[in-house]
Amino acid sequence: MQNVFKIIWVLSCMLLTLHANEKVYKLKMATTWGPTLSPLIDAANNMATMAEKLSNGQLQIRIDTANKHKAPLGILDMVKAGQYDMGHSASYYWKGKDINTLPFTSMPFGLTSPEQYAWFYHGGGLELMQKVYDKHQVYSFPGGSTGVQMGGWFRQEIKTLDDLKGLKMRIPGFAGEIMARLGVQVTNIAPGELYTALDTNSIDALEWVGPSMDITMGFHKIAPFYYTGWHEPASEMHFIINQKAYKKLPKHLQDVLVVSMRLAAYDMYIQNYDMNANAWEKMKKEFPNITVKTFPKPIMDAMKKVNEALIEEMTQENALLKEVLDSQKAYQKKVRVWTQMSDYLYLKDNL
Ligand code: CA
């Protein structure tokens, strides 16, 4: 008799496992981006497609773009509240709500994309990110990097610090604060109105992303000085997941999700690399008067100084932010030696 019970128990366990392996789990994800904003929206779509394929259809992720939910910058709130299970956005969009989310996107003069991925996955960055996001009851994962962003399009050449005084520029976030301290009149204009603002002299300069995404905006047609980057050397997008929604998934689907996010992030980085190369080739061919410039050293030095001062102010009474920024700084110091020995010297001698 005892054996019969044992057999029934084993059979029940097998049926339960079978059931868990067959049940379809559906998640809803909101993105900051519209349906055509490559490569950002592609990272979200690729992740969902991969998760479905790798799980043999058991994990299905429905994506609502900003056109549907109408709250492009409200992704953290919606995922936190459980209105959506997941989100794809960029961590620094929430710096107004929680300043500690800022460093996980990119910091001026900070890590490059390969360095930052190394920090996330092998240098303690991911753990620090979960520590910051825990109070919002979500998990956060890297979601694709734009690589080095360009410093922006300027109608006039910037030769001295005086040229920055009173200059009207769209440059959001932390970099905007740096520019403001150097006398720039920083403005915030909706993306759809940027071209007209530049064309009608409402602004003198703006930064967007890089050739891959700038080309469709058309700024190069009216502001020919294209400055190299300093402010967003590795802008990382993020997938966020409501902790309860994540815990409801069986272990193997959690694994599928984590692997899909990691692969989609990497794929966006290289997709954007390719898009940049193609867009730049086309842009330069059609508008040969575009001039690539780097800010003169005195300007760069002033930016670095303000950057340090602002970080000092921000971290004075914020131990967690200090922990994150100190971790990035220490990692950068170590990893940059290798970057210099490898990529930098290789390129320097082979251009
Ligand atoms: Ca930007």
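For region 198-278, the dipole from Cβ point charges (+1 on Lys and Arg, -1 on Asp and Glu) about the Cα centre works out to 700 debye, to the nearest 20.
Please work out how much length the chain gains when fully extended from Q60 to L320, using 0.36 nm per residue of separation minus the C-alpha to C-alpha distance, in nm with one decimal.
90.1 nm
How large, in percent, is the carbon and sulfur part of the accessible surface of region 232-337 at a probe radius of 1.4 Å? Present the calculation step by step, with values, prior to reporting the outcome.
On the way: 3400 of 5910 Å².
Percent of accessible area from carbon and sulfur atoms in region 232-337: 58.
Accessible surface for R336 stands near 70 Å², nearest 10, in the context of the full protein assembly shown (1.4 Å probe).
For region 27-173, the fraction of 1.4 Å probe accessible surface lying on carbon and sulfur atoms is 52 percent. A straight Cα-to-Cα reach below 20 Å connects K285 with the aspartates and glutamates D214, D274, residues fewer than 8 places away in its own chain not being considered. For the chain, the share of DSSP beta bridges that are antiparallel, to the nearest 5, is 45%. Distances longer than 34 Å among the Cα atoms of the chain: what percent of all pairs is that? Here the tail beyond 34 Å accounts for 31 percent of pairs. In the assembled protein chains, D274 presents an accessible area of approximately 90 Å² (probe radius 1.4 Å). Considering only W230, S342, H69, and ranking their Cα positions along the charge dipole of the chain that arises from unit charges at the beta-carbon of Lys, Arg, Asp and Glu, the one farthest toward the positive end is H69. In summary, the lysines within cross-link reach of K159, defined as a Cα separation below 21 angstrom excluding same-chain residues under 8 places away, comprise K168, K293, K297, K304, K305. If the label point is 7 Å along Cα→Cβ of T187, which residues in region 154-174 have backbone nitrogen under 14 Å from it? Answer for this model: 155, 166-172. Surface exposure of region 184-246, expressed per residue as accessible area with a 1.4 Å probe, stands at 34 Å².
Estimated from the Cβ-Cβ distance and a Förster radius of 35 angstrom, the FRET efficiency linking D343 and D301 is about 0.90. Both the radius of gyration and Dmax for region 13-172 are 19.4, 74 Å, in that order, over alpha-carbon atoms. If R0 equals 30 Å, the separation of the Cβ atoms of Q130 and N278 corresponds to a calculated FRET efficiency of about 0.25.
Rolling a 1.4 angstrom probe over the protein heavy atoms with all chains in place gives region 301-351 an accessible area of 74 Å² per residue. Using only the alpha-carbon atoms, how far is helix 113-122 inclined from the longest principal axis of the chain? Give it as 0 to 90 degrees, nearest 10. Tilt relative to the chain: about 30 degrees.
Each of the peptides 82-95, 108-121, 209-222, 338-351 was scored by the mean count of other Cβ atoms within 10 Å over its residues; in descending order, highest first, they stand as 82-95, 108-121, 209-222, 338-351.
For region 266-334 and region 197-215, write down the distance between their C-alpha centroids in whole Å. With region 266-334 and region 197-215 each reduced to a Cα centre, they are spaced 17 Å. For region 86-215, the fraction of alpha-carbon pairs lying more than 21 Å apart is 49 percent, rounded to a whole number. In terms of packing, defined here as the mean over residues of other Cβ atoms within 10 angstrom, the peptides 304-312, 237-245 line up highest first as 237-245, 304-312. One decimal place: the segment Y121-K23 gains 32.2 nm when fully extended, by the rule 0.36 nm per residue minus the C-alpha distance.
Would you calculate, for the chain, the mean residue ellipticity at 222 nm contributed by helices, counting each DSSP H stretch of 4 or more residues as -39,500 (n - 2.57) and dividing by all residues, to the nearest 500?
Counting only the DSSP helices, I get -15000 deg cm²/dmol.
Based on the alpha-carbon gyration tensor of region 220-329 and its eigenvalue square roots a ≥ b ≥ c, which shape applies: rounded if a/c is under 1.5, prolate if not and a/b is larger than b/c, or oblate? The shape class here is oblate. Full extension of the chain between A81 and Q137 gives 19.3 nm of extra length, using 0.36 nm per residue less the Cα-Cα distance. Each peptide in 276-283, 46-53 gets a packing score, the mean of other Cβ atoms within 10 Å over its residues, and the list from highest to lowest is 46-53, 276-283. Pairing the Cα long axis of helix 2-22 with the longest principal axis of the chain, what angle in degrees results, from 0 to 90 and rounded to the nearest 10? Helix 2-22 and the main axis of the chain meet at about 30 degrees.
The values are calculated or read from the model by the stated rules, or taken from the named source; none is laboratory data. Note that the coordinates shown come from a computational prediction; the quantities given were computed from them, not determined experimentally. For neighbour counting, all protein chains shown are included, and Cβ atoms are generated from backbone atoms with ideal geometry for every residue, glycine included. Calculation scope for accessible area: heavy atoms of the full protein, side chains included, ligands and nucleic acids excluded. Shrake-Rupley method; radii C 1.70, N 1.55, O 1.52, S 1.80 Å.
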